[in-house]
Amino acid sequence: MEKINDTLKRLAGKEDFQKRYEMQRRETLNNPDVQAFLKSHEDEITADMINKSLIKLFDYSQQSRECNQCPSLEGCKNVMKGYHPKLVIQRGSIDLHYDKCPRKVMADEKRKNEKLIQSLYVPSDILHASFDSIYEDDDRIDAVQKAASFLMSYKPDSKQKGIYFYGKFGVGKSYLLGAIANELANKKVSSMIVYVPEFLREMKSSIADSSLNDKIAAIKKVPVLMFDDIGAETMSSWTRDEVLGPILQFRMLESLPTFFTSNFDFHELEHHLSYSQRGEEEKMKARRIMERIKYLAEPVLVEGPNRRV
């Protein structure tokens, strides 16, 4: 026969469990996102459905959605890293579906693009660039303010100009691109930095393995494109007219934000584009490229000392 003390302990345990269950149930059903789902489907959902699906509702309430509780993709707190839950009604019951979170989508897209274009790789200091290291007395403050203005007003699918940063060697033009790219990433906006000399060399070698069209297509359509160090390349008629021209033409027609860095101002870059590797002068073709660049980006001078020395 069970001792009375053991019986009381067992009953107390059950009572404690019931209290914890009721508390957890209240917290789950009071979760704002759970309430929003239940309200939006109130014509379909019954009390019995809620009771049967309480564990799934609890799981949903405890996980991050739209990356709102995760510091990074690596720090994802969800059951399946890189995937966030969505409540659905399926076969008369409430269920959970998992979709890629915004950071996972961006990471997969970046890996996909990196496989296509090896010249995407940029120095680590550019990848970790931040506006936090730029102060009000910095010589680049005007350029920073232009960049900040772009970031504050940027909306996906909106017609918005990029920036053409130009200035002397080592003043931090590429660093500004990295800082902009990182701020866009915080907004879950995909961007791509392309080192132009290496990119154009790669385009030439891509003719042999038939990957040229895929690489150009990847560059064309990225939401925010950044051409780093345009003008430093050895220009040929083919790379200017068959690679650079179509990319800029597509982005101009689609009004996709495009950034540039260069040691040349507009006039100097046009002169550079006018002469091919063979020494041929083609002013009209260079002017066409420049018209597209001027449409896509506002020129901004970046001043200051050479930070590489």
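The values are calculated or read from the model by the stated rules, or taken from the named source; none is laboratory data. All values reported here derive from a predicted model rather than from experimental measurement. Please note: Cβ atoms are built from the backbone with ideal geometry, for glycine as well, and neighbour counts cover all protein chains shown. Ligands, DNA and RNA are stripped out before the accessible areas are found, and what is left, the full protein with its side chains, is counted by its heavy atoms. Shrake-Rupley method; radii C 1.70, N 1.55, O 1.52, S 1.80 Å.
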Coil-residue trypsin sites (Lys or Arg not before Pro) of region 234-292, DSSP, other Cβ within 10 Å capped at 11: 278
Using alpha-carbon coordinates, inclination of helix 173-186 to the longest axis of the chain, degrees: 20
³J(HN,Hα) computed for each position of region 218-223 - Karplus, 6.51 cos²θ - 1.76 cosθ + 1.60, integer Hz, glycine/proline x: 5, 5, 3, 9, 4, x
Rounded accessible area per residue of the chain, 1.4 Å, Å²: 58
The chain - percent of accessible surface contributed by carbon and sulfur, probe 1.4 Å: 51
Estimated translational D of the chain in µm²/s (Stokes, Kirkwood radius over Cα pairs; 20 °C; 1.002 mPa s): 92
Range in the chain, longest, excluding exposed GluC sites (Glu not before Pro) [loop by DSSP; at most 12 other beta-carbon atoms within 10 Å]: 137-279
When each of 168/221; 173/283; 146/220; 81/204; 39/188; 204/283 is checked by Cα-Cα distance, pairs over 32 Å: 81/204
Integer Hz, Karplus 6.51/-1.76/1.60 couplings in order for region 83-99, x for Gly and Pro: 10, 10, x, 9, 7, 9, 9, 9, 6, x, 9, 8, 9, 10, 10, 10, 10
Max mean-square fluctuation residue, GNM over the chain, Cα-Cα springs under 10 Å, options 154, 21, 295: 21
³J(HN,Hα), Karplus 6.51/-1.76/1.60, whole Hz, each residue of region 68-76, x for Gly, Pro: 6, 10, 10, x, 6, 5, 5, x, 4
